[in-house]
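**Student:** I am attaching a structure below and will ask some questions about it afterwards.
The values are calculated or read from the model by the stated rules, or taken from the named source; none is laboratory data. No experiment lies behind these values; they were computed from the predicted model shown. We place every Cβ from the backbone using ideal geometry, glycine too, and count neighbours over all the protein chains shown. These area figures cover heavy atoms from the full protein model, side chains too; ligands, DNA and RNA do not enter into them. Shrake-Rupley method; radii C 1.70, N 1.55, O 1.52, S 1.80 Å.
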Amino acid sequence: MTTRATFAENPWTAIRDAIVSGKPVVAILPCGATEAHGPHLPLNTDVIISESMAVVAVPLLHARGYAAAILPPLAYMPANYAEAFAGTITIGAATAKALILDIARSLKAQGVACLALANSHFDPANVAVLREASKEVAELGLPVAFPDFTRRKLAQTLTEEFQSGACHAGQYETSLVMAARPDLVDEAARRTLSDNPSSLTEAFAKGARTFHDAGGPDAYFGYPRNATAEEGMRSYAIMAEALVAAVKGALG
Ligand SMILES: [Zn+2]
């Protein structure tokens with residue numbers, strides 16, 4: 001039988017067969033959040049984006065000789081900047097890291113070859129957890145692929161708005177949700193939003209601790225009115241290639 005791309009939609013026997021097939025099995029963990037993303041995007045925006053990046057990456061991984069499946073996503077993660085907004089659910093860094101390490105131990109014990117972290121949630125606390133967790137998972141002996149889009153080299157492959165730091169629920173993320181789940185974008189709300197060029201990354205560097213402090217009283221930054229599904233598709237292709245490159249790097 002064949003293995004479904006969505007890990008948890010398989011019976012256990014399909015995962016066992018994939019692991020003994022001889023092809024390295026890459027388990028992709030979509031890392032999201034439940035977090036305010038402006039008045040036009042859903043709370044699960046980062047889950048949608050990370051899962052969609054993984055969906056685009058799976059056939060690319062297959063073409064390069066890997067077996068790949070997408071794990072159930074991380075939907076609760078540190079989201080301190082947005083915690084003043086209704087609907088945001090934030091968890092502590094220690095909880096988040098322990099969860100990833102436990103998932104990794106379980107995957108390693110059954111013979112999975114690589115844990116790939118597909119992340120689109122850029123709250124600094126979350127990025128710090130993922131960096132620490134990927135280091136510790138590798139120390140457990142499970143290779144980790146973590147394309148960190150907050151690093152300059154990868155950030156430069158993404159859109160101008162993303163690089164400006166005005167990258168929360170703006171043109172970049174709105175385009176990605178329009179490409180994957182247009183039914184969840186409130187178009188009437190999106191069209192009325194004024195531009196908000198405030199840079200989150202500059203605000204982080206200056207010590208801002210909330211979206212309000214960073215100049216985002218409605219939990220969005222950037223230019224959501226300029227978003228298009230086409231831009232979203234282009235961004236997914238770039239992100240998926242980065243994930244594949246990270247897997248190749250991790251597995252040698
Ligand atoms: Zn987001």
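**Student:** Taking 45 Å as R0, compute the FRET efficiency from the Cβ-Cβ separation of Gln110 and Gln163 and round it to 0.05.
**Tutor:** 0.70
**Student:** Would you work out if region 108-164 is rounded, prolate or oblate? Take a ≥ b ≥ c from the square roots of the eigenvalues of the alpha-carbon gyration tensor; rounded if a/c is under 1.5, else prolate when a/b is larger than b/c, oblate otherwise. The partial results should precede the final answer.
**Tutor:** Details: a/c = 3.07, a/b = 2.17, b/c = 1.41.
Taking the square roots of the gyration eigenvalues as a ≥ b ≥ c, region 108-164 is prolate.
**Student:** Counting only helical runs of four or more DSSP H residues, what would the 222 nm mean residue ellipticity of the chain come to if each run contributes -39,500 (n - 2.57) and the total is spread over all its residues? Walk me through the numbers before you get to the answer.
**Tutor:** Working: 10 runs with 115 residues, N = 252.
That comes out to -14000 deg cm²/dmol.
**Student:** With contacts defined as alpha carbon pairs under 8 Å and 6 or more residues apart, what's the relative contact order of the chain in percent?
**Tutor:** Values: 500 pairs, mean separation 58.5, N = 252.
Averaging sequence separation for qualifying contacts and normalising by length gives 23 percent for the chain.
**Student:** Evaluate the distance, in nm, between pseudo-label points positioned 7 Å from the Cα of Asp213 and of Arg234 along their respective Cα→Cβ axes.
**Tutor:** 3.5
**Student:** Taking the 0 to 90 degree range and rounding to the nearest ten, how far is the long axis of helix 171-180 tilted relative to the main principal axis of the chain, both from C-alpha atoms?
**Tutor:** So the helix axis and the longest Cα principal axis differ by about 50 degrees.
**Student:** Ratio of Rg to Rh for the chain, alpha carbon only, Kirkwood?
**Tutor:** Rg/Rh: 0.97.
**Student:** Counting only heavy atoms of protein chains, what accessible area per residue, in Å², does region 121-252 have with a probe of 1.4 Å?
**Tutor:** Working: 6090 Å² over 132 residues.
I get 46 Å² per residue for region 121-252.
**Student:** Let me ask another. Quick check: residue separation of His62 and Ala128 times 0.36 nm, minus the Cα distance between them. What number comes out in nm?
**Tutor:** Working: separation 66, 0.36 × 66 = 23.76 nm, distance 3.00 nm.
Fully extending the segment from His62 to Ala128 adds 20.8 nm.
**Student:** What full-extension length gain, to one decimal in nm, is calculated for Leu154 and Ala205 as 0.36 nm per residue of separation minus the Cα-Cα distance? Each step should come with its number before you reach the end.
**Tutor:** Working: separation 51, 0.36 × 51 = 18.36 nm, distance 1.91 nm.
Between Leu154 and Ala205, full extension yields an extra 16.5 nm.
**Student:** Roughly speaking, what is the centre-to-centre gap between region 194-216 and region 51-123 when only Cα atoms are used, to the nearest Å?
**Tutor:** So the separation of the two Cα centres works out to 26 Å.
**Student:** Compute the long axis of helix 93-109 from its Cα atoms, compare it with the longest principal axis of the Cα atoms of the chain, and write down the angle in degrees, 0 to 90, nearest 10.
**Tutor:** Taking the Cα atoms of the chain, the angle to 93-109 is about 20 degrees.
**Student:** Quickly work out the Ala84-to-Ala8 label distance, labels modelled 7 Å from Cα along the C-beta direction, and quote it in nm with one decimal.
**Tutor:** Placing both labels 7 Å beyond Cα along the Cβ direction yields 3.3 nm.
**Student:** Run the accessible area of the chain with a 1.4 Å probe and give the carbon-and-sulfur part as a rounded percent.
**Tutor:** On the way: 6050 of 10960 Å².
Roughly 55 percent of what the probe reaches on the chain is carbon or sulfur.
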